[in-house]
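A quick write-up on the structure given underneath.
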Amino acid sequence: MNKKWAAVLIPVFMMTTLGTADVDASWWSKTMKKLDKWASQSSSSSSSSSSGGVVAEPTANDVKSNRWIEVQKNQYYTIYVDRKSFRAEGTAQDRRVTAYFKRVYTPIGSQVLGNNSNGRVKPDVITHSIAEGRYRVNSYDEAWGTPHYYDVHGNLIYEGRLQDYSGWAEYIPDSAEEQLKDTLFHMAGWDY
């Protein structure tokens, strides 16, 4: 009796399993199409500007796009500041802004970064980096936290300083660093 039931139940089980796989594949396909449609709509409706304070979507992988504010852009990367970690402290000549900064590299920037890394990373692999930085009235501690470099899938590729993070320095008048400091201080309400 058990062999007869097994002979009947196995084909029935196989048919229902195959039918379920088709349903699951169909459901998955529909879900992916909805996500693709949503992603294309949200990316086309987002704004991106090099002026400070404009909310932008730094990458397609960023779920919480309003967390990052674009603050500076050049041919190698776009810098975003993390709204949630942004802190302004101090008074007079001891004012400082501390936050996490994200750099999203252009294809040229990624290639230059890899070519100048002394073999630590390959060209065209790094898409973005995140590091903590502090900007003061007269100097900046860019990346006083260790920079983390990621690929397009969000995998950590390298941890440490590459050539695009310089460390502590004083501002050169009208330099990109001084302009970034001015933008950050403006965000803190420190216009002078």
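The values are calculated or read from the model by the stated rules, or taken from the named source; none is laboratory data. Computed from a predicted model, the values in this text were never measured in an experiment. Ideal geometry is used to build each Cβ from the backbone, glycine not excepted, and the neighbour counts take in all protein chains shown. These accessible areas exclude ligands, DNA and RNA; they are computed on the full protein's heavy atoms, side chains included. Shrake-Rupley method; radii C 1.70, N 1.55, O 1.52, S 1.80 Å.
A few remarks follow.
- The residue list THR127, THR98 contains one member that is surrounded by 16 or more Cβ atoms within 10 Å (Cβ to Cβ) and touching a residue at least 60 places away in the same chain (Cβ under 8 Å), which is THR127.
- Single residue of region 150-191 satisfying the filter (of a type outside the set (Val, Ile, Thr) and touching a helix residue (DSSP H, G or I) at 6+ places or on another chain (Cβ under 8 Å)) that is surrounded by the fewest Cβ atoms within 10 Å (Cβ to Cβ): ASP191
- Filter result (touching a residue at least 40 places away in the same chain (Cβ under 8 Å) and in a helix (DSSP H, G or I)) within region 110-124: LEU113
- Within region 141-177, the set of residues being outside any loop (DSSP other than H, G, I, E, B) and in contact with a Leu (Cβ under 8 Å, 6 or more places away or on another chain) comprises HIS148, TYR149, TYR150.
- With respect to (1) in a strand (DSSP E or B); (2) open to solvent by 40 Å² or more (accessible area, probe 1.4 Å); (3) touching a Ser or Thr at 6+ places or on another chain (Cβ under 9 Å), the lone exception for TYR135 is condition (2).
Quick grid of which residues meet (1) out of contact with any Phe, Trp or Tyr (no Cβ under 6 Å at 6 or more places or on another chain); (2) modelled with pLDDT of 90 or more:
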{"site": "SER51", "(1), (2)": "yes, no"}
{"site": "LYS64", "(1), (2)": "yes, no"}
{"site": "GLU70", "(1), (2)": "no, yes"}
{"site": "THR78", "(1), (2)": "yes, yes"}
{"site": "ALA92", "(1), (2)": "yes, no"}
{"site": "LYS102", "(1), (2)": "no, yes"}
{"site": "TYR105", "(1), (2)": "no, yes"}
{"site": "GLY109", "(1), (2)": "no, yes"}
{"site": "VAL121", "(1), (2)": "no, yes"}
